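Okay, so here's the structure we're looking at.
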Amino acid sequence: MNMTRKRFLALASSAAALAAAKPLRLLASPTPRVVGFRSENFRQLQGKTFTLNGPGGAVRLVLQDVRDGPQDRLTEQFSVVFVSEDGVVLPQGTYPVTFPDRRTLDVFVVPAGAGAAGVTFFRADFNLLR
């Protein structure tokens, strides 16, 4: 098929019109983004139950604490501490974690110690660009 100047301009103008009509759809990420992923949003979820899908099945984690890290105008750093009363032991790794509002996000979780009566602590660290 020969591409003439007239055909090229017709195709280019059609593509531009389509992009103008549906720009969000053309530029959308194939996976949904988590909106509002900041330390203050986690603070609102303190005491709420999250579900981690571990190698042995679902693990219930309660968000116990949100700890601020170094801040500047470009980054926000913080850690969240979860507690499990199931006495489960998990190696550090990336796990699907379901939030109380049913959103699921892959989170890198690190064991952070054990407490009395089989309580286990886990920590997830975040370093976000603003």
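The values are calculated or read from the model by the stated rules, or taken from the named source; none is laboratory data. Keep in mind the model is a prediction, meaning the values are calculated, not measured. So basically every Cβ, Gly included, is an ideal-geometry build from the backbone, and we count neighbours across all protein chains shown.
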(request) State whether the residues of the range 108-117 include one that is among the β-branched types (V, I, T), modelled with pLDDT of 95 or more, touching a strand residue (DSSP E or B) at 6+ places or on another chain (Cβ under 9 Å) and surrounded by 13 or more Cβ atoms within 10 Å (Cβ to Cβ). (result) yes
(request) With a cut-off of at least 3 residues that are touching a residue at least 60 places away in the same chain (Cβ under 8 Å), name the strands (runs of 3 or more DSSP E) lying wholly within the range 48-130. (result) 120-129
(message) So for the range 40-62 (the condition being surrounded by 13 or more Cβ atoms within 10 Å (Cβ to Cβ), out of contact with any Cys (no Cβ under 7 Å at 6 or more places or on another chain), within 16 Å of D125 (Cβ to Cβ) and of a type in the set (S, T, Y)), does at least one residue qualify?
(response) no
(request) Scan the range 78-96 residue by residue and report those that are surrounded by 13 or more Cβ atoms within 10 Å (Cβ to Cβ), over 11 Å from V59 (Cα atoms) and of a type in the set (S, T, Y). (result) S79
(request) Could you list, in sequence order, all residues of the range 77-107 that are at pLDDT below 95, over 12 Å from T51 (Cβ atoms) and touching a helix residue (DSSP H, G or I) at 6+ places or on another chain (Cβ under 8 Å)? (result) E85, G87
(message) For the range 32-45, check the following and say yes or no: at least one residue is β-branched (V, I, T), at pLDDT 95 or above, out of contact with any Gly (no Cβ under 6 Å at 6 or more places or on another chain) and under 30 Å from P111 (Cα atoms).
(response) no
